[in-house]
Amino acid sequence: MDVSEAIEKRYSVRGYKDKPVEDEKLDLVLKAAQLAPTGVNSQAFKVYVIDTKKHREELLAVYPQEWLVEAPYVLAVVSRANHAWTRPWDAKNINEIDATIVMDHMILQATELGLGTCYIAAFLERPLIKLLNLDAEYHPVLITPLGYPDAKPRETGRKPIIELVERI
């Protein structure tokens, strides 16, 4: 599968098989995170691999949807803002941009490997901070389940490209 195919095949999976993810596949997903570009290569992030069987109740406190814990893992990307690049001309810190790129790399790699994921930003931050035992330096940005899909894609219309792109 090439990148274009992975982009086209990726969808938000909201149902997972009771099937473990092989260590080799998990390692490839995590390698994609390591290779993701970040501002001035700061790599001011961490990825937490959370075992859903061990942390079911805590994860449901973070995001109360049963399909989240059907997958064998939940991946959490957290940023370390004070170690991320900040634009000097306007003081914009790009830690959340970097973390999103990291998640996107993992999700596309997972898609290529036949694994399902779902971007989740609408989670409760406090229970996740507690679960991960994060100090004030780290900030959770995104989570995703990671497992074998057991749900079909929903129909999600896309705006025509003419509405999304301006050529000047």
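The values are calculated or read from the model by the stated rules, or taken from the named source; none is laboratory data. As the structure is a computational prediction, the values presented were derived from the model and not from experiment. Virtual Cβ from ideal backbone geometry, glycine too; neighbours counted across all protein chains shown. Please note that ligands, DNA and RNA were not included when accessible areas were found on the heavy atoms of the full protein model with its side chains. Shrake-Rupley method; radii C 1.70, N 1.55, O 1.52, S 1.80 Å.
Below, the figures for the structure above:
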item	result
Packing-based order for 60-71, 124-135, 81-92, using average beta carbon neighbours within 10 Å, highest first	60-71, 124-135, 81-92
Largest to smallest accessible area among Arg167, Arg80, Arg56 [probe 1.4 Å]	Arg167, Arg56, Arg80
Alpha-carbon radius of gyration plus Dmax, which is the widest Cα pair, for the range 71-129 in Å	14.0, 44
Extension gain (nm, one decimal) between Asn41 and Lys130, 0.36 nm per residue minus Cα-Cα	29.2 nm
Calculated from backbone phi, Karplus (6.51, -1.76, 1.60) coupling profile of the range 4-19 in Hz, x at Gly/Pro	4, 5, 5, 4, 5, 7, 5, 8, 7, 7, 10, x, 10, 6, 7, 9
For Leu59, solvent-accessible area (1.4 Å; no DNA, RNA or ligand), Å²	0
Per-peptide average of other Cβ atoms within 10 Å, ordering 99-112, 147-160 highest first	99-112, 147-160
Calculated from backbone phi, Karplus (6.51, -1.76, 1.60) coupling profile of the range 98-113 in Hz, x at Gly/Pro	4, 4, 5, 4, 4, 4, 4, 4, 5, 5, 5, 5, 4, 4, 4, 8
The chain: relative contact order in percent, alpha carbon pairs under 8 Å with at least 6 residues between	34
FRET efficiency for Lys53 and Ile7, using Cβ-Cβ distance with R0 set to 41 Å, rounded to 0.05	0.85
Unit charges on C-beta of K, R, D, E only; dipole of the chain, Debye	240
Kirkwood Rh in Å, taken over all unlike Cα pairs in the chain	16.8
Too-long pairs where the Cα-Cα distance tops 18 Å, listed order kept, from Lys19/Lys46; Lys17/Lys53; Lys54/Lys130; Lys25/Lys130; Lys46/Lys130; Lys17/Lys46	Lys19/Lys46; Lys25/Lys130; Lys17/Lys46
